[in-house]
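None of the figures in this text is laboratory data; all of them are computed from the coordinates on show. Owing to the predicted nature of the structure, the values given are computational and were not obtained by experimental measurement. Cβ atoms come from the backbone with ideal geometry, glycine included; neighbour counts cover every protein chain shown.
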Amino acid sequence: MTTAPVRLGLRANAAQFSLLLGLNALVGAMVGLERSVLPLVGEDDFGLSSTSAILTFIVAFGVAKALANLAAGALADRAGRRRLLILGWLLALPVSLLIAFASSWWMIVAANLLLGASQGLAWSMTVVMKIDLAGPARRGLALGLNESAGYLGLAVTAFASGVLATTIAPRTVIWAGALVITIAGALATIIFVRDTGVHVSHEQRQHGERQAMPLKAAFWESVQRPVLRACSQAGLVNNLNDALAWGLAPLYLAAHGQSTARIGAVAGVYPAVWGLLQVGTGWFSDRVGRKPLITLGMVIQAGALALLVAGNGAFPPALGAAVLLGIGTALVYPTLIAAVSDVVQPRDRAAAVGVYRFWRDSGFVLGALLVGLAADGLGSGAAIGIVAVLTAFSGLVVAATSWPSPATHELRLRR
């Protein structure tokens, strides 16, 4: 029996690539279930009045996801991508039960620890596996498709949960949806997904055989090298303001009299725009470079947050802010991962992406803490304004970073 030759590219691997797109949509949908209603559950079901206390679920999610990203990067070559993806789905199985039977807010926090660990493994592996399959020529497009699928899945469930919560208990919407999604994702992965380790070996041979970079070295590279450092801080700040959109924005709009359905619309429009545009922005970054899109995206995000504050909780400006935030994030999100992948060798990709995603998802933790404390001490409007300033500054840091040309990247990789 002869083995089919390994080929890189989207067309050559269309079946597996499409399957991974569908799975990433389910991974995103798990988080979308919480986006518009879980902060309100903290207020209504558990009687929490402190924003900091409510946002502990995002802190738990962020810590677990950031650490799982590191583990995924370190273990991807040794354990195999497919095994880690299956483990990610298995970690999500108890989430629905914890939310359904929670008698205190700390059970919700525990559920989000598991959800964060699940997301870190599952999303990291769908990202890395798609990069493995696509090869270097269409890396930006592949990542745009990946992130688009994930955040469109998130948008659909964020909007749907907001609408359903007007007639069904919000907690029921979350746990029932999570159970269905988890079972579907786990079964599809176990039955149909194939590992992509052979594609990594095939691509690495073009640069000379070598072992993968140790995690400690990948961590040091993320701080030492200007491009990786710029990407890490931009990713962190991006998810800092995403934590605001997830945790504080629903509370801010509810405090200004907006209905659950309208909050769900704002929560759904933001990732929907983000998801739809990422295919184009990923493809565009392959042609014009990564740096201009990242810089522009961070500045647009800052403007979106400024509009949210200026609108003072009214629905039309909040919806406009959600659209702008989606545009800005679409410019940044796939482009940052592509930029990290550009400057490392194929064998080092999993570790480098894992470290980048650690820094990026640490933004959930810092964002929830910063936003919660600032909202409790200074008010929600001031908290949003602070994050807007930080986001604009992050874009300026990227703009000031020296960015090697694609030819320079390729020369370094061949050494």
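What dipole magnitude, in Debye to the nearest 20, does the range 30-82 give about its Cα centre under +1 on Lys/Arg Cβ and -1 on Asp/Glu Cβ?
Numbers: 5 positive and 5 negative charges, 101 e Å.
Roughly 480 debye for the range 30-82.
Evaluated at q = 0.13, 0.14, 0.16, 0.20 Å⁻¹, a Debye calculation over the C-alpha positions of the range 6-156 (equal weights, vacuum) places log10 I(q)/I(0) at -0.62, -0.70, -0.86, -1.19. Computed from point charges on the beta carbon alone (+1 for Lys and Arg, -1 for Asp and Glu), the dipole magnitude for the chain about its Cα centre is near 1380 Debye. The residue list Trp106, Gln16, Ala71 was ranked by how far each Cα lies along the charge dipole of the range 1-144 toward its positive end, using unit charges on Cβ atoms, and Gln16 comes out on top.
A simple count of charges around Glu43, restricted to other residues whose Cβ falls under 15 Å of its Cβ and scoring Lys, Arg +1 and Asp, Glu -1, yields -3. Reported to the nearest whole Å, the Cα centre-to-centre distance from the range 263-322 to the range 340-390 is 16.
When peptides 158-170, 269-281 are ranked by their average number of other Cβ atoms within 10 Å per residue, the highest-first order is 269-281, 158-170. Note on Lys216: aspartates and glutamates with a C-alpha under 17 Å away, same-chain residues under 8 apart excluded, are Asp77, Asp348. Set against the labelled values (1) 34, 24, 18; (2) 33, 27, 22; (3) 46, 22, 20, semi-axes √(5λ) of the Cα gyration tensor in Å computed from this structure falls on (1). Between the listed residues Val371, Ile58, Thr329, the Cα displaced farthest toward the positive end of the dipole of the chain, a dipole computed from Cβ unit charges relative to the Cα centre, is found at Thr329.
Each residue of the range 38-44 was assigned a 3J(HN,Hα) from its phi angle through the Karplus expression (A = 6.51, B = -1.76, C = 1.60, θ = phi - 60°), giving 5, x, 6, 4, x, 6, 7 Hz with x at Gly and Pro.
Along the range 228-242 the Karplus relation, 6.51 cos²θ - 1.76 cosθ + 1.60 evaluated at θ = phi - 60°, assigns HN-Hα couplings of 5, 5, 5, 5, 5, 5, 5, x, 4, 5, 4, 6, 4, 6, 5 Hz to successive residues, with x for each Gly and Pro.
Each residue of the range 377-391 is assigned a 3J(HN,Hα), and the resulting list reads x, 10, x, 5, x, 5, 4, 5, x, 4, 5, 4, 5, 4, 5 Hz, derived from the Karplus form 6.51 cos²θ - 1.76 cosθ + 1.60 (θ = phi - 60°), x at Gly and Pro. For the chain, the longest principal axis of the alpha carbon atoms and the long axis of helix 56-79 meet at an angle near 10°.
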